[in-house]
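Peer 1: Quick one: this structure, given as structure tokens, is what I'll be asking you about.
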Amino acid sequence: MPMTIAPTTERTSIMPIDPPQEDPLVVVSNVKKKFCRSLKKSLWYGMQDIAHELNPFSRRTDRADHSFVAEDSDLRADEFWAVNDVSFELRRGECLGLIGHNGAGKTTLLKMLNGLIKPDSGRIEMTGRVGALIALGAGFNPILSGRENIHVNASVLGLKKDEIEDKMEEIIDFAEIGEFIDAPVQSYSSGMQVRLGFAIATTVKPDILILDEVLAVGDAAFRAKCELAISELMDDAAVILVSHNALHIRRLCNRVLWLRRGQTEGLGPTDDYLDRYGTSLSEEKKIEQTLVYSDSVRRVDLIDSQVPNQFNQPLKLQIKIDAAEEIAINNIVIGIHEVGVRQVAQSAMKVDYRVVGERILNFETEGIRLKDGNYSVTIAMYGEQFSELHARWVGVLGFKLESGIYGGTPYHFESVVH
Amino acid sequence: MADVVTGRELAWRLFMRDLKAQYRQTYFGYLWAFLPPLVASLTFIFLQSQGITKIEGTGIPYAAFAMMGTLLWQTFVESMQSPLAAVTKAKPMLAKINFPREAILMAGMYMVGFNFLIRLVLLFLVMAVWKVVPTATLLLFPLPMLGLLMAGFCIGLALVPVGGLYGDVVKAIPIVAQFWMLLTPVVYPARSSGLAGVLATWNPISPLITTARGCLTGQPLDQLFEAIVVTLLSIVVSLIGLIAFRLIMPHLIERMGG
């Protein structure tokens, strides 16, 4: 019998589930949740909602029949849909990736799945023990020892007393705390604290696992352990994963739910949507343009250019610089940024140009070997020292590559078997 | 209801956590459990001893009377503050982890109970010093005490919805509590006439305080019936309040953030 999160925030109880399990563990249907932009109003609406909730004669979303459907007209001033009509199902062994911009409603949806807050309309049914790898070490008391905090934190996460005793050594070993276990947690490094939090959180073996970006914490060696621990948990659970790391999503999730302003933009196989999402990310970010130059320079213009739109095509730039007095250009740096992501290529040139009045500088690259996306070009000219800036033009031009190469920059490896 | 049972173990853990942490970081430790009411009673003992106030009909030495009153009153005030304080303190945890929410309320009440036990030692000390001899009615003492705890708890629970959202409530509680103490026969015996008499009748805490103290001093329990009624009512209201608490917590978490 599935249990509904909507009426109570009850921690779902453990139910025996037979291995040939066909019913979904998670059923989310037409879930809506509104949020308020204004704090003052939000508090007041909270009062209203509580009064509404406690009034047995009012029509509420969570009454038995679930017939209530929140409409746009139910939005009060300054409110908006943080999650708007989202539905999906999830079975054991499946992993659903939640993708979307900041503020798309991913965290709100996770909070509802975790039973912390309730949907305004629609329903969420969760079958089995829910475990969330969020808020590692929440509720740690800094004054108490690591051991005492393990007791408290593990009980908060729903472990029984004897379970905790059984797992105690395992947790201490995993967290690599060693002799510090009886020292107060406030004497721990931040790394030790997250390791301890992670070790406790992963001892709970859930049927439904909720992951919010905490795929790995600590240094490289510990991260490897984290990933292993998580993949073990994932094997036997229905998993919901929020991550901004496309690689994690691609590797771990067989389906994605793409949210945009609270609404479902796409729900389906990871490969179909992840690339479209990636492209949309860079499309929505505009190329920023800023041009600064020193007092000796009168103006800088882009007079001609040729940009690539396919893999391995060259980039050409023709720039006119007009100097009021003689300047020496000794260093020129041209960078290529993936818009809104990071710099992906850079070329630093040693030159020796003396410029007075107008001069035209020509730049040409070989074929640009980058994956599909939106790119912008930045050019900067310096004197002998990099502290001596003549001109910097961020976003001098932009280009878009569309040659069907998504994942990463393609490299060709020769493989030979001996 | 099942969660109340599973939440018990958790509540105990949380209580032990708070207890250890609370007294590990103080120098005077358990002294803080009874210092505030003691200081409050000293004010009145001073006024009385200097003849500034003339409170009569206490039956026992005034100092003992006032101290017992304030020690009992303190337990009521603490249990009234407890639910909201527990929710406020556990905010970061409530906002991120799903666990039986009742556990934090229970843990808070365990703490109130623990502090009461410490005060109880002092109460008996006061009785020994001033040679206050209880009679058989001492056996009834747990009843008005339960009443004080439950009355405080249900009032405190009622403050959670508003207090969880608006900070004003937390600030207002000590002021109201102080004033309320003067309206309750804590440092003076209950009156039967005048405004003080009306207040003694309609103030639900009056019968609890006078009955609790009466049980210790062996004086007649004039308001025993009222005390029983208030106790029973408090228990019923508290149970209803716990159900309401469950319903409103998601709303509070949604609005109060981490």
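Peer 1: Which numbered condition trips up B:Val132, out of (1) buried (at least 18 other Cβ atoms within 10 Å of the Cβ); (2) modelled with pLDDT under 90; (3) closer than 28 Å to A:Gly131 by Cβ?
Peer 2: (3)
Peer 1: Still on this model: Would you check if A:Ser376 is crowded, with 16+ Cβ neighbours inside 10 Å, closer than 22 Å to A:Leu302 by Cβ and among the polar types (S, T, N, Q)?
Peer 2: Judged against the criteria, A:Ser376 is a match.
Peer 1: Output the number of residues of segment B:1-31 satisfying the condition of being within 9 Å of chain A (Cβ to nearest Cβ) and modelled with pLDDT under 75.
Peer 2: Count: 3.
Peer 1: State which residue is farthest from the other protein chains (Cβ to nearest Cβ) when the search covers only segment A:118-135 and only residues that are open to solvent by 10 Å² or more (accessible area, probe 1.4 Å) and on the phi > 0 side of the Ramachandran plot.
Peer 2: A:Gly122
Peer 1: Sort out which residues of segment A:99-116 are assigned to a loop (DSSP other than H, G, I, E, B) and over 16 Å from A:Ser29 (Cα atoms), and write them in order of number. Quick ask: steps written out before the conclusion?
Peer 2: At the first step, the residues of segment A:99-116 found to be assigned to a loop (DSSP other than H, G, I, E, B) are A:100-105, A:114-116.
Once the filter is applied, which keeps residues that are assigned to a loop (DSSP other than H, G, I, E, B) and over 16 Å from A:Ser29 (Cα atoms), segment A:99-116 yields A:Gly100, A:His101, A:Asn102, A:Gly103, A:Ala104, A:Leu116.
Peer 1: While we're on this one: List, please: which pairs have Cβ atoms under 8 Å, are six or more places apart or on different chains, and start with a residue in segment B:151-177 that is over 14 Å from B:Lys91 (Cβ atoms) and more than 14 Å from chain A (Cβ to nearest Cβ) and end with one that is charged (D, E, K, R) and open to solvent by 20 Å² or more (accessible area, probe 1.4 Å)?
Peer 2: These pairs meet every condition: B:Gly152/B:Glu78.
Peer 1: Out of all the residues in segment A:51-60, is one or more in contact with a Phe, Trp or Tyr (Cβ under 8 Å, 6 or more places away or on another chain) and modelled with pLDDT of 85 or more?
Peer 2: No: segment A:51-60 contains no residue that is in contact with a Phe, Trp or Tyr (Cβ under 8 Å, 6 or more places away or on another chain) and modelled with pLDDT of 85 or more.
Peer 1: Hey, can you tell me all the residues within segment A:216-235 that are open to solvent by 10 Å² or more (accessible area, probe 1.4 Å) and in contact with a strand residue (DSSP E or B) (Cβ under 9 Å, 6 or more places away or on another chain)?
Peer 2: A:Leu233, A:Met234
The rows are residues; the columns are (1) within 24 Å of B:Ile55 (Cα to Cα); (2) open to solvent by 40 Å² or more (accessible area, probe 1.4 Å); (3) at pLDDT 90 or above; (4) more than 16 Å from the chain's Cα centre (by Cα).
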{"position": "B:Val176", "(1), (2), (3), (4)": "yes, yes, yes, no"}
{"position": "B:Ala196", "(1), (2), (3), (4)": "yes, no, no, yes"}
{"position": "B:Ile205", "(1), (2), (3), (4)": "yes, no, yes, no"}
{"position": "B:Gly214", "(1), (2), (3), (4)": "yes, no, yes, yes"}
{"position": "B:Ala227", "(1), (2), (3), (4)": "yes, no, yes, no"}
{"position": "B:Ser238", "(1), (2), (3), (4)": "no, no, yes, no"}
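Peer 1: Every residue in segment A:379-398 that is surrounded by fewer than 19 Cβ atoms within 10 Å (Cβ to Cβ) and more than 24 Å from A:Pro314 (Cα to Cα), please.
Peer 2: A:Gly383, A:Glu384, A:Gln385, A:Phe386, A:Ser387, A:Glu388, A:Leu389, listed by residue number.
Peer 1: Turning to a different aspect of this structure: Please specify each residue of segment A:350-364 satisfying the condition of being without any contact (Cβ under 8 Å) to a residue 24 or more places away in the chain and surrounded by 11 or more Cβ atoms within 10 Å (Cβ to Cβ).
Peer 2: A:Val351
Peer 1: Could you please give the count of residues in segment A:152-208 that are at positive phi, within 29 Å of the chain's Cα centre (by Cα) and either without any contact (Cβ under 8 Å) to a residue 40 or more places away in the chain or within 14 Å of chain B (Cβ to nearest Cβ) (or both)?
Peer 2: Total meeting the criteria: 1.
Peer 1: Identify the single condition in (1) within 20 Å of B:Gln178 (Cα to Cα); (2) within 12 Å of the chain's Cα centre (by Cα) that B:Gly113 does not satisfy, given that it satisfies every other one.
Peer 2: (1)
Peer 1: So for segment B:112-129 (the condition being open to solvent by 60 Å² or more (accessible area, probe 1.4 Å) and within 23 Å of B:Pro220 (Cβ to Cβ)), does at least one residue qualify?
Peer 2: Yes, the conditions are met somewhere in segment B:112-129.
Peer 1: Still on this structure, please answer the following. Can you find a residue that is open to solvent by less than 20 Å² (accessible area, probe 1.4 Å), β-branched (Val, Ile, Thr) and within 13 Å of chain B (Cβ to nearest Cβ) anywhere in segment A:82-91?
Peer 2: yes
Peer 1: Can you pull out every residue in segment B:58-98 that is buried (at least 24 other Cβ atoms within 10 Å of the Cβ) and not in a helix (DSSP H, G or I)?
Peer 2: Hit for segment B:58-98 is B:Asn98, nothing else.
Peer 1: May I ask you to say which residue of A:Gly115, A:Gly139 is at the interface with chain B (Cβ under 7 Å from one of its Cβ atoms), closer than 17 Å to B:Leu94 by Cβ and out of contact with any strand residue (DSSP E or B) (no Cβ under 9 Å at 6 or more places or on another chain)?
Peer 2: Sole residue among the options that is at the interface with chain B (Cβ under 7 Å from one of its Cβ atoms), closer than 17 Å to B:Leu94 by Cβ and out of contact with any strand residue (DSSP E or B) (no Cβ under 9 Å at 6 or more places or on another chain): A:Gly139.
The values are calculated or read from the model by the stated rules, or taken from the named source; none is laboratory data. Quick caveat, the model's predicted, so the values are computed rather than measured. Virtual Cβ from ideal backbone geometry, glycine too; neighbours counted across all protein chains shown. The protein model used for the area step is the full one, side chains on, heavy atoms only, and it has no ligands, DNA or RNA in it. Shrake-Rupley method; radii C 1.70, N 1.55, O 1.52, S 1.80 Å.
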